[in-house]
Amino acid sequence: MLAELGLPAFCVPEALDGFGLRVDVAASAAAELGAALHASPFAGLTASAHLLAHCAGNPQAEQVLAGVLAGERVCAFGYLGAGDQVARLVDGAPDADALVLLNRARGEFLLLEDPADWTADSRRHGFDLTRGCADVTPAAGRGHLLRPSPEAARRAVDLYELLLAADAVGGVRRMLDRTITYAGQRRTFGKPIGGYQAVQHRLAEHTVRARGMALLVTEAARLLSAEPTAADAARQARRCVATASLSVSSGAPHLLHDLLQLTGAIGFTWEYGLHYYERRAHQDARLAANPRHAQRSLAEVEGWTDGS
Amino acid sequence: MAADLTADTELTAGGPGGAGADVDAYRQRVRAFIAERGLPMDREGVRVPESAAQERQIRDWLRALYEAGYLGAGWPVEWGGQAGHLPVHDLVVMEELIRGDAYRPLDQVMLAAHAVIAFGSDEQKRALLPRIRAGEHIWCQLFSEPGAGSDLAALRTRAEPDAAGETFTVTGQKIWSTDAQWSDMGLLLARTDPTAERHAGITAFVVPMDLPGIDVRPIREMTGHAEFCEVFLDGLQLGRQHVLGEVNGGWKVVTSGLASERAFVGANAIQLERLFQDLVALARTARLPDGTPALAHEDIQAKLAAALTRVEEVRLIVRDTVERILVEAEHPSDGPVAKLAYTETNVALSELALEIIASAVSIDDDGAQVADRWQHNFLWGRALTISGGASEIMRGLIGRQLLGLPRA
């Protein structure tokens, strides 16, 4: 269904039947999917598609990309562990039929196109109930090494991180709207709970913060869409992705958890469903090892780690 | 497949007002002007001249800004404004004044000019507007009272009309009036009809500050400076010629005036970006007990990174707001959102600065001034979260106007 809407193709060049580099549109889509608690591994799918599209002349990459764009295949994205060659926390791995795994230490991407080439263990990843996640162990000697341009490789990683943030922003907005509506309806001591400053002022604070997060994601998407190749523009884009990711990964879980408090006991129930968003926002952060990863990138890009 | 996505994309391209390159050129001119002639302002919120010579410098600098067309360009052409003026230029000027650490006119005071333009008689305009442009008239606001701050309409200062309604006897107390001790003119709000609904019985007056019956007493604030004043009004006699707008029409004057400088909210973002650079400079020069700079430590970097995300959020919130203001499409809550975000983030930055200073055993010589400024900012920052509508008022406005929640 996602492919019918063209969703995996937002960051695939037009020459390959994609939309170019529409990170802005991808981010909007990610936010909608997050708000809808959609089960697809959209961030990883988009990042993989971008990467595969920049591996010119690699027949396996071309084939997987064609399958993804046609909606026939799902390609997940993840990181190979440094020591044991296990890719932990691969979003969508249980249902994927292709994987792109980044070996950060070597700066290499491994493409696995046959589910027989890996084993997926999802036993430790049941907290987020809306998406499947697994630790993946590739079979020794299987898969194809990809050699994308360094820019495409960097951008795929940025895309992944940013779209996860966008996913959480969508959830925050949906739940914030719902909580505001609820606070205007639920009455206690003769008036709506939203008429008490203790509730109203926190909702106002959250609204400002949520707007800040959403704008950061939009801005980062805009900068990435501009195909920054000049060093300074690329640095600006990286900085903005890190800022957006840090803001959302540290802000969204906290904000959602306070919405639970503001909703009161009904929010604590399974059926009310706020917990799905809390679980998912946590997972969005975790998939990109945030907030710490973004924090460290920001320190680097700002030059604080130079020791000068 | 590629064609259909263009419609909703260019939301932010080209910057505020979309006037891209022209605005950049304008900015360069303003920046050069300020670099060459700007009067420096050492500390945030410290505006009152300490000597006659300094007062002369301030007045000359303000006149230079008006003469160059960097202030007052949006006024009607007959009063010195410029045809083809773009509102975004006002914003650029304010941003560059902040970026260049130059003395800048207070937005609350600039609204006096807007009030005179919008509500003044021709005679009042002739008498007052050229003197503002010449740096001859510095204005202050006589709005807040000991019992009427954020709730301005609660003001109790009386301007009692005589039987003919020709003269008014003013009695009452004003407070928190910035610059009142050296202002030439004051914009006064006083109650002329105590029987009317509280917004409807208020009149605005333009008041020469040297009239008998006005006693200005500076208040020494926690920063050690005396920027705000109490103003006691005892038997002050005003006439028809001092009434701005209509008798009992003062609320309209003040509310339209308050809205007139709303694009300046954007300039605050520049200030935060500059303050953040000061914070990094501080962390570079603050030495921890082991002799290393605070900036070399991951925990400090983490706090700086978190602070930077807040600064960037505010920058974008403000930019978003300004873009809407410039096309006159803003929401009533945009101002409160921007003010709350800016002033509270400002406080958070200063708290982090003080944490860094407190954790350091020494500060390198080149960081001493920065540290000193931060200690001042720490105290001063609360002036911003209280004045011009306290944060609590902003949250209430956001709650009602944006979220549609009932009055708390």
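With the contact rule set at Cα under 8 Å and sequence spacing of 6 or more, what percent relative contact order holds for the range B:183-248?
Relative contact order for the range B:183-248 comes out at 34 percent.
Ordering B:Phe232, A:Phe127, B:Phe168 by accessible area with a probe of 1.4 Å, largest first, what comes out?
A:Phe127, B:Phe232, B:Phe168
Take a quick pass over the protein assembly as shown and tell me how many lysine pairs come in under 28 angstrom between Cα atoms, counting only ones 8 or more apart or on separate chains.
6
Pop out the carbon and sulfur fraction of the accessible area of the range B:139-249 as a percent, whole number, probe 1.4 Å.
50
Using a probe radius of 1.4 Å on protein heavy atoms only, what is the accessible area buried between chains A and B, both sides summed, to the nearest 100 Å²?
What A and B bury together is about 3900 Å².
Roughly how many percent of the accessible protein surface of the range B:260-408 is carbon and sulfur, given a 1.4 Å probe and a whole-percent answer?
Answer for the range B:260-408: carbon and sulfur cover 53 percent of the accessible area.
Within 10 Å, Cβ to Cβ, of B:Met41, how many net charges do the neighbouring residues add up to if Lys/Arg are +1 and Asp/Glu are -1?
Within the 10 Å Cβ shell, the charges total 0.
By the scheme Lys and Arg +1, Asp and Glu -1, what is the net charge of all other residues having a beta-carbon under 12 Å from that of A:Val68?
-4
List, by residue number, every residue in the range B:305-329 with a reduction of 40 Å² or greater in accessible area between the chain on its own and the complete protein assembly, 1.4 Å probe.
Relative to the lone chain, where solvent access is computed with a 1.4 Å probe, the range B:305-329 loses at least 40 Å² at B:Ala305, B:Leu308, B:Thr309, B:Glu312, B:Glu313, B:Leu316, B:Ile317.
Only Cα pairs within less than 10 Å get springs; with that Gaussian network setup on chain B, which residue of B:Tyr103, B:Tyr70, B:Tyr26 has the largest fluctuation?
B:Tyr26
Name the residues of the range A:7-39 whose accessible area, probed at 1.4 Å, falls by at least 50 Å² once all protein chains are in place instead of their chain on its own?
A:Phe19, A:Arg22
Can you give the accessible area per residue of the range B:16-105, in Å², using a 1.4 Å probe?
Computed with neighbouring chains in place, this is 48 Å² per residue.
In chain A, which longest range has no GluC sites (Glu not before Pro) that are both DSSP loop (not H, G, I, E or B) and surrounded by at most 12 other Cβ atoms within 10 Å?
Result, exposed sites excluded: A:73-270.
Under the rule of -39500 (n - 2.57) per DSSP H run of 4 or more residues, summed and divided by the residues of chain A, what mean residue ellipticity at 222 nm is obtained, to the nearest 500 deg cm²/dmol?
-17500 deg cm²/dmol
Based on the alpha-carbon set only, what is the convex hull volume of the range B:16-105 divided per residue, in Å³?
98
Going by the alpha-carbon gyration tensor, a ≥ b ≥ c the square roots of its eigenvalues, is the range A:50-132 rounded (a/c under 1.5) or, if a/c is not under 1.5, prolate (a/b greater than b/c) versus oblate?
Since a/c reaches 1.5 but b/c is at least a/b, the shape of the range A:50-132 is classed as oblate.
Quick one: grab the alpha carbon gyration tensor of the range A:1-149, order the square roots of its eigenvalues as a ≥ b ≥ c, and give me rounded if a/c is under 1.5, else prolate or oblate depending on whether a/b is larger than b/c.
Since a/c reaches 1.5 but b/c is at least a/b, the shape of the range A:1-149 is classed as oblate.
Can you give the mean number of other chain Cβ atoms that lie within 10 Å of the Cβ atoms in peptide A:248-257?
Average per residue, whole number: 1.
Between the chain alone and the structure with every protein chain in place, find the residues of the range A:183-207 that drop at least 10 Å² of accessible area; heavy atoms, 1.4 Å probe.
A:Gly184, A:Lys191, A:Pro192, A:Gly194, A:Gly195, A:Gln197, A:Gln200, A:His201, A:Leu203, A:Ala204, A:Glu205, A:Thr207
Of the heavy-atom accessible surface of the range A:64-145 (probe 1.4 angstrom), what whole percent is carbon and sulfur?
Carbon plus sulfur share of accessible area: 48 percent.
Taking only protein heavy atoms into account and a 1.4 Å probe, give the accessible area per residue of the range B:261-402 in Å².
I get 37 Å² per residue for this part.
Kindly report the accessible area of chain A per residue (heavy atoms of protein chains, probe 1.4 Å, no ligands, DNA or RNA), in Å².
Spelled out: the 1.4 Å probe surface of chain A, per residue, equals 41 Å².
For helix A:231-263, report the angle its Cα long axis makes with the longest principal axis of the Cα atoms of chain A; keep it between 0 and 90° and round to the nearest 10°.
That helix lies at roughly 40 degrees to the long axis.
I need the GluC sites (Glu not before Pro) found in the range B:314-408, filtered to DSSP loop residues with at most 10 other beta carbons within 10 Å of theirs.
Hits after loop and neighbour filter: B:Glu328.
Can you tell me which of B:38-46, A:5-13 comes out highest on packing, and rank the rest after it, using the mean Cβ neighbours within 10 Å?
A:5-13, B:38-46
Taking only Cα atoms, what is the 0 to 90° angle, nearest 10, from helix B:52-67's long axis to the longest principal axis of chain B?
Value to nearest ten degrees: 90.
Can you list the trypsin sites (Lys or Arg not before Pro) in the range B:96-172 that are in a DSSP coil and have 11 or fewer other beta carbons within 10 angstrom?
Sites meeting the loop and neighbour criteria: none at all.
Against the longest principal axis of chain A, how steep is helix A:42-53, in degrees 0 to 90 to the nearest 10, with axes from Cα atoms?
The angle comes out near 20 degrees.
The values are calculated or read from the model by the stated rules, or taken from the named source; none is laboratory data. This structure is a prediction, so every number in the text was calculated from the model and none was measured. Quick reminder, even Gly has a Cβ in these numbers, built from the backbone with ideal geometry, and neighbours come from all protein chains shown. Surface areas here come from the heavy atoms of the whole protein model, side chains and all, with no ligands, DNA or RNA. Shrake-Rupley method; radii C 1.70, N 1.55, O 1.52, S 1.80 Å.
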